[in-house]
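Some notes on the structure that comes next.
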Number of protein chains: 2
Amino acid sequence: MNHSELVSKINTQKNCLCVGLDTDIEKLPLHLRSEIENIIVFNKQIIDATLPHCVAYKINTAFYESLGWRGWQILEETFKYIPNTHLKIADAKRADIGNTSQQYAKAFFDVMQADAVTVSPYMGLDCLEPFFAYKNKFTIVLGLTSNEGSNDFENLNTDNGKLYEEVIQKTAAKYGAEQAMFVVGATKAIQMKEIRQLIPNHFLLVPGVGAQGGSLAETIANGRNADTGLLINASRSIIYAGSGEDFAIKAAEEAENVAAEMKLLL
Amino acid sequence: MNHSELVSKINTQKNCLCVGLDTDIEKLPLHLRSEIENIIVFNKQIIDATLPHCVAYKINTAFYESLGWRGWQILEETFKYIPNTHLKIADAKRADIGNTSQQYAKAFFDVMQADAVTVSPYMGLDCLEPFFAYKNKFTIVLGLTSNEGSNDFENLNTDNGKLYEEVIQKTAAKYGAEQAMFVVGATKAIQMKEIRQLIPNHFLLVPGVGAQGGSLAETIANGRNADTGLLINASRSIIYAGSGEDFAIKAAEEAENVAAEMKLLL
């Protein structure tokens, strides 16, 4: 799914919800908790149930890696199961020197067939270049994250503004909105407004609504642009909305609620 | 392997070589290039051949992830094959918010049984904490990397020195040498000397000797401390030293050469 397809999907549906599949076996409904293989059963039911209420899925690789190679197999199966009507994001926060980033890009863009992957900018733009070499994919760069620790480094003053501003400006100067997106946490309402002025055209991927306490209304007010320009992620609040055999119905209800709120706000 | 065991191994052998297993199927000797499964054949022979000449192995996860779940299986098998006489480093450059980092830590420390994992500091110390929660393991934080792009962000001026200095000082203030190490590229000789003054006790993991052009003598002169305090990595120059059926012999010869040079310098 490319930039114009994504914009048109969001604006037609008046919905920019991304459902985060941070599937933790220890949080599965009791009847599914016994077997690793049930994670794919869970994911498929969550996807089926939430498909009408969202435009994207974000799969957090950590929750699959912690299960070893069988987890990685389930990760691949989950990517395959998501239909091409929805944007598929690998939330992997990778990046390394060029020849290594190339391998990561291959893993997520070629093998997983993800539409987008999240990357960490610390090591510099040459480490992101192999991801951006996939011109029909999105590379989503960490900007200002939702956690408290974002004050440790992201928020430091540099000669040209805060570190996260440097990251966003240097990256956006090189890569347009068709290719680059930025992670900006929903818990950072004021800075989101300023970031939107720095980069009027790029999409923001916004985690932190729901379990982390960010506000949907504030995020939309401060972060939207002419294309909407937002993908707002909710993970735990949707996928663990229910804990019984009706977990998929509960997840659908929660996603539908968020989607209805978005429709009013967009 | 803990800190005092590592120090004693390095000082007994007068060797701080880490062999990097960045195994790329496209660079395998021709007779092994046809099958993904041959990567484990290659890795095992490289490990057997280089074991007497090094103290650690660094496995670059990207090269395995790019092969999908079978690659992840080979990654696990490679970790299992390395004997406990050597430090096992997962070069993964992970980090994310707490509950996600916890899953990454589990993947590498519990499932893979790695002794150490590399992490990216961009998002802040709370994202590294779940790794450091494993007190008998090493968490290796990116400091100043060997690539040119390190000037983009790592090298920016902040209110308290360069960004990489902030990262190193803040992390080292919280975590001692028994737990924390830092990545410093061999191509950054002058800064390595300064970093050594900032953190007299911590180990540095030094990539960039060999294929990337850093000097072994300079690295040892500028980076060593009373415990030696260095793990110097070479990947491509050793594992691809030969391209025929005698690849393991060639790798052993190259590792032995580096080890002999180290013995003179240490």
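Within 10 Å of each Cβ of A:102-111, how many other protein chain Cβ atoms are there on average?
Across the residues of A:102-111, the mean count of other-chain Cβ atoms within 10 Å is 5.
Suppose you put the label 7 Å out from Cα in the Cβ direction; list, shortest first and in nm with one decimal, how far A:N201 is from each other copy's label.
5.2
What relative contact order, as a whole-number percentage, does the stretch A:30-86 give when Cα pairs under 8 Å and 6 or more residues apart are counted?
41
Relative contact order of chain A: what whole-number percent is it, with Cα pairs under 8 angstrom and at least 6 residues apart?
22
Just to confirm my numbers, what's the Cα centroid distance between the stretch A:1-75 and the stretch B:155-174 in Å?
For the stretch A:1-75 versus the stretch B:155-174, the Cα centre distance is 37 Å.
Using all alpha carbons of chain B, what is the percent of pairwise distances in each 10 Å bin, ordered from the shortest bin to the longest?
P(r) for chain B, in whole percents per bin: 7, 32, 37, 20, 3, 0.
Sorted by average packing, counted as other Cβ atoms within 10 angstrom per residue and highest first, what order do B:98-107, B:199-208 take?
Answer by packing, highest mean first, reads B:199-208, B:98-107.
Between A:D48 and B:T12, how many nm apart are label points set 7 Å from Cα along the C-beta direction?
Taking the simple label geometry, A:D48 and B:T12 are separated by 5.9 nm.
When the helix-only estimate is applied to chain B (DSSP H runs of n ≥ 4, each -39,500 (n - 2.57), divided by the residue count), what is the mean residue ellipticity at 222 nm, nearest 500 deg cm²/dmol?
Calculated mean residue ellipticity at 222 nm is -11500 deg cm²/dmol.
With 22 Å as the limit, write out which pairs from A:K44/A:K106; B:K137/B:K174; B:K80/B:K263; B:K44/B:K80 have Cα-Cα distances beyond it, or answer none.
A:K44/A:K106; B:K80/B:K263
Which distances, shortest first and in nm, link A:G161 to the matching position in the other copies, using label points set 7 Å out along Cα to C-beta?
2.7
Need one value for A:22-29: mean number of C-beta atoms belonging to other chains within 10 Å of its residues' C-beta atoms.
Mean inter-chain Cβ contacts per residue within 10 Å come to 1.
What do you get for trypsin sites (Lys or Arg not before Pro) in the stretch A:230-263 restricted to DSSP loop and a cutoff of at most 13 other Cβ within 10 Å of the site's Cβ?
The qualifying sites: there are none.
In the stretch A:170-212, which trypsin sites (Lys or Arg not before Pro) fall in coil by DSSP and have 15 or fewer other Cβ atoms within 10 Å?
none
In debye to the nearest 20, how big a dipole does the protein assembly as shown give about its Cα centre with +1 on each Lys and Arg Cβ and -1 on each Asp and Glu Cβ?
Here the size comes out at about 320 debye.
How crowded by other chains is A:151-161, given as the mean number of beta carbons from other chains within 10 Å of each beta carbon?
Average neighbour count from other chains, rounded to a whole number: 5.
At 7 angstrom along the Cα-to-beta-carbon line, where would the label on B:E253 sit relative to the other copies? Give the distances in nm, shortest first.
Result, one decimal in nm: 7.2.
Along the charge dipole of the stretch A:3-265, pointing to its positive end and built from +1/-1 on Cβ of Lys, Arg, Asp and Glu, which listed residue (A:I10, A:A260, A:C54) has its Cα farthest out?
Farthest towards the positive end: A:I10.
For the stretch A:1-99, what's the relative contact order in percent, using C-alpha pairs closer than 8 Å and at least 6 residues apart?
32
Once you wrap a convex hull around the alpha carbon atoms of the stretch B:118-266, what is its projected area averaged over all directions, in nm²?
Here the figure is 9.7 nm², rounded to one decimal.
If you take all C-alpha pairs in the protein assembly as shown, what percent of them are over 33 Å apart?
38
Could you point to the residue in B:A114, B:P29, B:Q212 farthest towards the positive end of the stretch B:3-265's charge dipole, with +1 and -1 charges on the Cβ of Lys/Arg and Asp/Glu respectively?
Ranked along the dipole, the leading option is B:A114.
Using only Cα atoms, what is the ratio of the radius of gyration of the stretch B:190-255 to 2.2 N^0.38 Å?
Taking the Cα Rg and dividing by 2.2 N^0.38 Å, one obtains 1.32.
Since every read-out is calculated from the coordinates, none of them should be taken as a lab result. The shown structure was predicted, so the numbers you read here are calculated from the model rather than taken from an experiment. Glycine gets a Cβ as well: all are built from the backbone with ideal geometry, and neighbour counts include every protein chain shown.
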